[in-house]
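These notes are about the structure you will find just below.
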Amino acid sequence: MQLTKHTDYAIRVLIYLNTQVDQAPLSKATDIAELFGISFNHLTKVIHHLGKAGFIQTVRGKSGGIKLAKPANTINLGNVIEVMETTLSPVNCQDPPCRLNSVCLVKPIFHKAMQAFLDELRKHSLADICIAKSDDVWKVTLDKPIELS
C-alpha cells in the first residue's frame, strides 16, 4: 500500500512539530511548507484535518500557529493513518465492477495484509519515529536515508 501525499505530509508536520516542542510555542505553516517544499494551500488542508482529529492545536491570527496537542508518545501512528487516509480498503472490486468477484480470493488476502500493516503501525507512536528534538535536524542534508537497526 502506498500512502497518499495527504498522509505523508501529515506525518511530516507531526515530526516537525515534535522537534519544535522545546523551541517555540507555535510553528508557522508557511515555514513548514517552505521547509518541505509543499504547496501552502495543500498544507493548510492537512493542518486543518490534523487539528480536527485532535493531533495538533491551531491558533488563528497574526501571532497564531500550530503545535502538538499532546505528547508525541501518545500520538499513535496507526490512528494518524486511519484518520488521514480516505480509504483503507486495499482493493476496489465495485468500481468498475470486477468480473472475477465470484471466483477471486485475493480480496481477503489483501484485507488481511492491510490489517497486519495497521496492527504494526498501532504499535508505534510519533515519539518512536523522531530521532531528535532540535532545530539542528533541519539544517542537516542527508545523502542517504538514516538506517535504523
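Worth pointing out:
- Listed residue pairs exceeding 29 Å between alpha carbons, taken from K45/K123; K70/K107; K67/K112: K70/K107; K67/K112
- Spherically averaged projected area in nm², based on the convex hull that wraps the Cα atoms of region 4-46: 2.7 nm²
- Assigned charges on the beta-carbon of Lys, Arg, Asp, Glu; the chain dipole about Cα centre (debye): 440 debye
- Of V21, P108, I129, farthest towards positive along the dipole that unit charges on Lys, Arg, Asp, Glu beta carbons give the chain: P108
- Net charge dipole size for region 1-48 [Lys, Arg +1 and Asp, Glu -1 on Cβ; Debye, nearest 20]: 160 debye
- Percent of Cα pairs in the chain per distance bin of 10 Å, from zero to the largest separation: 10, 35, 31, 15, 8, 2.
- Springs between Cα atoms under 10 Å define the GNM used for the chain, and in it the highest mean-square fluctuation of D22, D128, D95 occurs at D95.
- Ranked S102, S125, criterion: other C-beta atoms within 10 Å, fewest first: S102, S125
- Computed about the Cα centre, the dipole magnitude for region 54-102 is approximately 360 debye when only Lys and Arg (+1) and Asp and Glu (-1) carry charge, each at its Cβ.
- Region 44-124 shape via C-alpha gyration tensor axes, a/c threshold 1.5: oblate
- The GNM of the chain, with springs linking C-alpha atoms under 10 angstrom apart, assigns the highest mean-square fluctuation among A116, A33, A127 to A116.
- Max mean-square fluctuation residue, GNM over the chain, Cα-Cα springs under 10 Å, options Q115, Q94, Q23: Q94
- Cβ crowding within 10 Å ranks M114, M84 as M114, M84, fewest other Cβ atoms first.
- Annotation: the residues L118, L126, sorted from fewest to most other C-beta atoms within 10 Å of their own C-beta, follow the order L118, L126.
- When you filter the trypsin sites (Lys or Arg not before Pro) in region 26-128 for DSSP loop state and at most 15 other Cβ atoms inside 10 Å of their Cβ, you are left with K28, R60, K62, R99, R122, K123.
Coordinate-derived values only; no laboratory data. In this text, all values refer to a predicted model and were calculated from it rather than measured experimentally. Note that we place each Cβ from the backbone using ideal geometry, even for glycine, and neighbour counts take in every protein chain shown.
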